[in-house]
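These notes concern the structure reproduced below.
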Amino acid sequence: MRKEESLTEHLDWPLFGALITMLILGLATVYSVAYNEEAPSLFNFSEKYGRQLFWILFSLFLGLLVFLIDSDIYRKFAIPIYLSTLVLLVVVLFMPAVHGAHAWLGVGSFGVQPAEFAKISTSLLLAKYISGLTVKQQTTGTVLTASSILLIPMVLILLQPDAGTFVVFTSFLFVMYREGLTFDPILLNFVNAIPGVRYKETWVGSHFIPILFALVFLSIITLLLDSVIFHVNLFGWDLELSGSSGVIFGLVLIYTLSWLLMQRFSTRRERSRMMIVLTLGLLIASTLSFIVDKGFDMLKTHQKDRIELFLGLREDPNGDDYNRNRAMAAVGSGGFLGKGYREASVSSVRSNHVPESETDFIFCPFAEEWGFVGVVVLFGLYFFVLFRIIIIAERQRAAFNRIYAYCVAMILFYHFAINIGMNIGFAPVIGIPLPFFSYGGSSMMSFSVMLFILLKLDAQRKDVLR
Amino acid sequence: MNLDARRNVILSFIFLVVGIYLVRLFYMQVIDDTWTLRANEIAEKRKEIFPPRGVIFDRGGKKIVTNQTYYNLMMVEDSIVDLDTAAFAKLIGWTRQEVRNRFKEIVDGEGSYYNKITGKRTPNYQTIRAYPFLKELTLEEMSKIAPHLANFKGFYEEATSARNYPYKSAANILGYLSEVYREEIEIDHFYKPGNNIGRAGIERFYEKELRGIKGIKYIVTSALNNAIESYADGKYDTTARQADPLKMGMDVVLQTYGERLMSKKKGCIVAIEPSSGEILSMVSAPSYDPNLLVGKRNISANYPKLARDPNLPLFPRPLQAEYPPGSIFKLVQSLIGLQEGVITANSGFPCDKSMVGCHNHPSARNIAEAIKFSCNPYYYQAVRRIIQQGVKRNNFADAEYGLNKWYKYIRSFGLGKELDADVSGQRPGLIPNSDFYDKWYGHHTWAFSTIRSISIGQGEVKLTPLQMANIVAIIANKGWYYTPHFVKSIGYRGPLPQFRKKHWTMIDRRHFDPVIEGMRLVVNEDGGTGKQARMDNIIVCGKTGTVQNPHGEDHSVFFAFAPMKNPKIAIAVFVENAGWGGSWAAPIAQLMIEKYLKRKVTDKDKEKRMIEAQIAFKNVD
C-alpha cells in the first residue's frame, strides 16, 4: 500500500518538459505545412492541424489515465496485453488494404494501427521476461524465447506488409544486448563443436548485435553514397572523391578523433588495449566498405536492381527515389537560418512537391523553414530525450523498469535515425513517422502512452522494494 | 561480465548517429548549393530561357527560314481577382461557356502529367503556376487584347517565337516543328512539356544544331510567386544562345521554280551539284506551303487535310518512292561491262526483238549508239556477258558468281542502301544478289535467263529518285561522288564530316567517256530520245527513261547533267503517269537546267505549257 500522493510528485520534469516542447514544435510544423488560408483556425477539426491538436490533447488525456493507474499492472498483465495485441495484429490482416497494406483497424480517417501499439506490448513482455532471468540462465533456450517474443509480432507486421515497423522491432535486440542476453550461447554451440576448443564466452558472440548493426549501417551508407561524388577542396587542391571513399575518409576521421579523445581521457593501461580495438575496427570497417563497394559492382544486374530498389537508389514502382530527391532538395535548401516559418516553398502541402510532407517527411518542412539552426535544436531535443531516458533507466531499482526504459529509448532512437536518414539520403525510404512530430493519431497516441508509462514507472520507482 | 559498460556502447551509437547526421546536414544545408538549386528547380524558381531557333540560309545567302514572334496569353489562377467572365470572353472573342471549358481543359490537360509508374494521367494542377490560356497569338491578335489586360488580374502576355518560311517552298526538305512527346522529354531533358522539336526534314535532322543553348535564370520569389530579384546576384545564371545559322546547298529560286513547274502533277525533281554533292533542289510534287504547319493551331487545322489529300503531298517521293530505274540503269550496265572487259566501247549487238521488245531503230554499233537508241536487246546481250562469264562449269553457279560480282559494282554506286545523307526517312531501294534469288527461287535454280529483266532496270531492281540523281552525278564526275546532302555549312564549320569524304566507284575514269558520249547523242543528235532537253550554247547530256507502271500510264523520266565539260548540275526528273520520258520529264529538266545556269528562261511558251499541265492530279476543294 502506498500513501496518497499528488499525481505530479516524482514526475521527471525535464523529460516531461522536453516532451511538451516537442509536441508544440510538431504541431507548429503541421500547422505550417498544411496551412489552409480559408480555415486558419488551429481549432478547425476539418484541417490536419486541428485534428493533430485533437490527437495531442487526447494523448495527454491518455497520459493522465496512465498516471491514475498503479504502474504495477504493466508487469502483472504484460502477457494478456501482449496476447491481445497479437490478436489485433491477426485481425488487421483481414481488413481492407489502405495504400496496399492491411495496417488499419477502424473506419475512415479515425482508424488505428495495431502495429504501433505492438511496440508497447512487446516492450512490456520483453521487460517482464528478461527481468525474471538471472545471469546464470543465459542459455540457448532463453535467448530463443526472448527472440520469439519479438519475432511473432514482427512476422505478423511483415505480412501487412509494413517494412518500417518491422525494422523498428530490431531495436529490441539492443535492449537484449544491454541486458546481457546475447547470441553468445548459440555461437558457443558452434565454436565448441570444434574438437579441443572450450570457450566460456566469445567477444564476437557477446557483442554480436552492435557489431552486426555497425556493419549493416556501414554497408548501407556505402551503397547509398556509391553514386555520389564529393568535391573536397583541400588547401586549393580540388579532390574528387567517390561516395565510398568518402565513407573510408569519414572512418579515418572518426578514428583520429577517438584517438585524440583517448589521449585526453583514458588511463595508460586502458589505452593500449583500446588502441588495438580501434585500429582493428578501422581496418575491418574500411575493408568491409571497400568490399561492399567493389562487390556490389560485380553483382549481376538483377541482383543489383533488387538491392537498389530496396535502398531506393533508383526509381521503383513506388517512386521512392523521386520522393527522396525532393525531400533532400527541401532539406538542403533550408540553408543556415532557414526560409522562415510558413515559407517552405518546396515542402508545403499546398505546393505538393514533397509527398507525405506532413507525416513521414515532416522533417522536410521543419528543416526547410528553420534551417541548420532549427535542425540543431531538434537534434538537441532528441538527444536530450534519449539521454534522459537512459539516465532514468539506469536509476531504476527494478530490472523491469530499466528494461522497459531501454526499450523506449531504442524505439525512439530508431524512429529518429531512420526517419531523418530518409530525409538526408542515409536510409531507405521505409515510411515510419518521426515521433511527436509527424501527423497521425496512432503514432501520436502510442508514443505518448509509451512515454507516459515510463514516466509513471519512474515516478513510482521508490515503491518497488526489490 | 560488466553489463553497465554496455550502456556506453549504446550511448556512443546514439552519439555517433546524431553526430554523422549533423555533419551531413551541415554539408547539405550550409556548404553544398546543389540542393538549393534543385529546390529552385522543383519550386519553379528556375526559369529556362529558350533562344530563338537558328536561321537557315540558301546557297545564295537568302534567308529561307526565319523566326517570328508570337504571343501566349498566360494565366495564374491564384492571381485572378473577381474575373468578369463575360467581359473577358468578349475581349478574346469567345463565349462564356468556351472560357469556362478552357479553364477545365487546362486543369485536366496542361495541369496533369503522365505518370510512368501507374501509366495514368495524374492531376498536378497548381493554382500558383502559370499556364498558357491562349497559345500562339499573332501580333495583331495580341495587340487587340493587350491594352485591356490590366482589367483582368492574373492574365499576362508572354512572347514566344515560331518559324516563318518567307519563300513558302521546300516544305518537304525543311520539315516542321511540333510539340515534344513525353518519351522525348524523358530521353532528353533539354525539353519541357510544350516545347517544340523538329519533326521532319532539316528541322529534325539538325535539331541539336538549330535549337541553341538554353539559358537558366534563378529568381527569388515572394509568397505570391512574383519574381523579386535574381538569386545570388545571378551567380548560377547562364545566358541563352541562339544556334549558328545553317547554310544550305539548296538554291531557293531553283527550288521554288521546280515546285511551280511540277504544280498539278505528281512526281519529283532532284538536282545535285556533282562536284560537291550538295542538293540544289529536291521537289516532291505536289508540295505545300510550309507555313501551314507552324504552331499547334495551324498543325491541328492543316495536318489532317494534308494527310487526307489523295495526291499525297506529305509523301516524300524523292526519298521513299521506289521505282524500277528503267533506262538509266543501262548507263550503269555499260560501265560495269566495260570495267569487267566483257564488252568494249565498240561492241555492237543486233536489236533482236525476239528477246525483248524494242522500238524501231537501227542496230547499235557501239555503246554510245546503244545509249542513244536505248536498245533493250543490246543490254540483254551485254549483261548476259557480265552475269554468265563462264568461270564456273555449272551454269547456275556461274550466274551466282557473276551476279555477286555485279552486285559489288552496283553497291559502289551507293545503291541498295540508304545514302548517309542529312535526312531521315529514306528507303534503301532494292538491288538483288544471289541470297535474294536463292530465297526466291532456291539455290542453284536460277541463271541469267531467269533474272534477265534487271539488265534494263526492270524486274526486282528498285531505286529512289535521290539514288538515281546520284548516279547522274557519279557519271558527271566520271567515277566518284560525295554523299548528297542539304547543309553545306553549320555556322562556319563546314558540313558534317561524312560529306567531306569522296566515295569512289569501282569503275575506271576512262570507261565513262563512251557513256557520256552516248548521253550527248541522246539530247543533241537527231534520232536521240531526249531532244526536248536540247539547249543553245550549253551541251546537255541526258537519258530518257520510261518506267513501266502496272497501275496505269507509264512514268516519264529524264536524267541529265550539264554542261558536258565541268558539269554544274545533275538532275533527275520524274513525272508520274505522264507516259514517254521525252514528253514531259525532258523539257522540265531542260527548264530547270536553264534556270539554274542562266537564271532566266528563254522559251516562255514551253514554260507556260509545263506549268499549266495537269497530269494524274486529283483536284481537291
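The values are calculated or read from the model by the stated rules, or taken from the named source; none is laboratory data. None of the values given here were measured: they were computed from a predicted structure. Neighbour counts run over all protein chains shown; Cβ positions are idealised from the backbone, glycine included. The area values use the complete protein model at the heavy-atom level, side chains included, leaving out ligands, DNA and RNA. Shrake-Rupley method; radii C 1.70, N 1.55, O 1.52, S 1.80 Å.
Of all the listed residues (A:V168, A:V175, A:V155), the sole one being outside any loop (DSSP other than H, G, I, E, B), more than 14 Å from chain B (Cβ to nearest Cβ) and in contact (Cβ under 8 Å) with a residue 24 or more places away in the chain is A:V168. Listed by first and then second residue, the pairs linking a residue in the stretch A:250-277 that is within 12 Å of chain B (Cβ to nearest Cβ) to a residue that is open to solvent by less than 70 Å² (accessible area, probe 1.4 Å) and among the acidic types (D, E), with Cβ atoms under 6 Å apart and 6 or more places separating them unless they lie on different chains, form an empty list. For first residues located in the stretch B:372-400 and assigned by TED's automatic domain parsing to the domain that holds B:V523, partners that are in a helix (DSSP H, G or I) and of a type in the set (S, T, N, Q) and lie 6+ apart or on another chain with Cβ distances below 6 Å form the pairs B:Y379/B:Q333; B:Y379/B:S455; B:Y380/B:S455; B:V383/B:Q333; B:V383/B:S455; B:E400/B:S434. Restricting attention to the stretch A:144-165 and to residues that are modelled with pLDDT of 90 or more and open to solvent by 60 Å² or more (accessible area, probe 1.4 Å), the residue that is farthest from A:A78 (Cα to Cα) turns out to be A:V155.
Filtering the stretch A:290-346 to residues that are open to solvent by less than 70 Å² (accessible area, probe 1.4 Å), facing another protein chain (nearest Cβ under 8 Å) and modelled with pLDDT of 60 or more leaves A:N325, A:R326, A:M328, A:A329, A:A330, A:V331, A:G332, A:S333, A:G334, A:G335, A:S345, A:V346.
Matching residues to (1) assigned by TED's automatic domain parsing to the domain that holds B:F373; (2) in contact (Cβ under 8 Å) with a residue 40 or more places away in the chain; (3) farther than 30 Å from B:F373 by Cα:
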| residue | (1), (2), (3) |
| --- | --- |
| B:K488 | yes, yes, yes |
| B:L496 | yes, yes, yes |
| B:R500 | yes, no, yes |
| B:D508 | yes, yes, no |
| B:I516 | yes, yes, no |
| B:A533 | yes, yes, no |
| B:I538 | yes, yes, no |
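Looking only at the stretch A:348-362, residues that are under 23 Å from the mean Cα position of the chain (by Cα) and within 10 Å of chain B (Cβ to nearest Cβ) come to 1 in all.
Could you pull out every one of the helices (runs of 4 or more DSSP H) wholly within the stretch B:372-467 that has 3 or more residues that are open to solvent by 10 Å² or more (accessible area, probe 1.4 Å)?
On the way: elements: B:376-387, B:395-411, B:434-441, B:448-451.
So the answer is B:376-387, B:395-411, B:434-441.
Just a yes or no: is a residue in the stretch A:240-262 modelled with pLDDT under 75 and surrounded by fewer than 13 Cβ atoms within 10 Å (Cβ to Cβ)? Yes, the stretch A:240-262 contains at least one residue that is modelled with pLDDT under 75 and surrounded by fewer than 13 Cβ atoms within 10 Å (Cβ to Cβ). Listed by first and then second residue, the pairs linking a residue in the stretch B:95-106 that is not assigned by TED's automatic domain parsing to the domain that holds B:L134 to a residue that is open to solvent by less than 90 Å² (accessible area, probe 1.4 Å) and not in a loop (DSSP other than H, G, I, E, B), with Cβ atoms under 9 Å apart and 6 or more places separating them unless they lie on different chains, form an empty list. Restricting the search to helices (runs of 4 or more DSSP H) fully inside the stretch A:363-466 and requiring at least 1 residues that are away from chain B (no Cβ under 14 Å) and among the acidic types (D, E) gives A:441-459. Residues in the stretch A:130-143 that are in contact (Cβ under 8 Å) with a residue 40 or more places away in the chain and open to solvent by 60 Å² or more (accessible area, probe 1.4 Å): A:V135, A:T139. Of the set (1) among the aliphatic types (A, V, I, L, M); (2) under 41 Å from the mean Cα position of the chain (by Cα); (3) over 30 Å from A:M422 (Cα atoms); (4) at pLDDT below 85, all apply to B:L37 but (3). The set of residues in the stretch B:24-39 being of a type in the set (A, V, I, L, M, F, W, C), open to solvent by 60 Å² or more (accessible area, probe 1.4 Å) and facing chain A (nearest Cβ under 8 Å) consists of B:F26 alone. Test B:V99 against the stated conditions and say whether it is within 14 Å of chain A (Cβ to nearest Cβ) and either touching an Asp or Glu at 6+ places or on another chain (Cβ under 7 Å) or of a type in the set (A, V, I, L, M) (or both). It is false that B:V99 is within 14 Å of chain A (Cβ to nearest Cβ) and either touching an Asp or Glu at 6+ places or on another chain (Cβ under 7 Å) or of a type in the set (A, V, I, L, M) (or both).
On the stretch given as the stretch B:92-130, residues that are open to solvent by less than 40 Å² (accessible area, probe 1.4 Å) and at pLDDT 85 or above total 4.
For the stretch B:140-185, taking the residues that are without any contact (Cβ under 8 Å) to a residue 24 or more places away in the chain and among the acidic types (D, E), the one that is least open to solvent (accessible area, probe 1.4 Å) is identified as B:E184. Here B:I20, B:I14, B:I64 are screened, and the one residue that is of a type in the set (A, V, I, L, M), over 30 Å from A:L212 (Cβ atoms) and either surrounded by 15 or more Cβ atoms within 10 Å (Cβ to Cβ) or in contact with a strand residue (DSSP E or B) (Cβ under 6 Å, 6 or more places away or on another chain) (or both) is B:I64. The residue that is least open to solvent (accessible area, probe 1.4 Å), among those in the stretch A:201-215 that are assigned to a loop (DSSP other than H, G, I, E, B) and within 10 Å of another protein chain (Cβ to nearest Cβ), is A:H207. For the stretch B:442-501, the tally of residues that are more than 25 Å from the chain's Cα centre (by Cα), over 27 Å from B:A321 (Cα atoms) and among the hydrophobic types (A, V, I, L, M, F, W, C) stands at 3.
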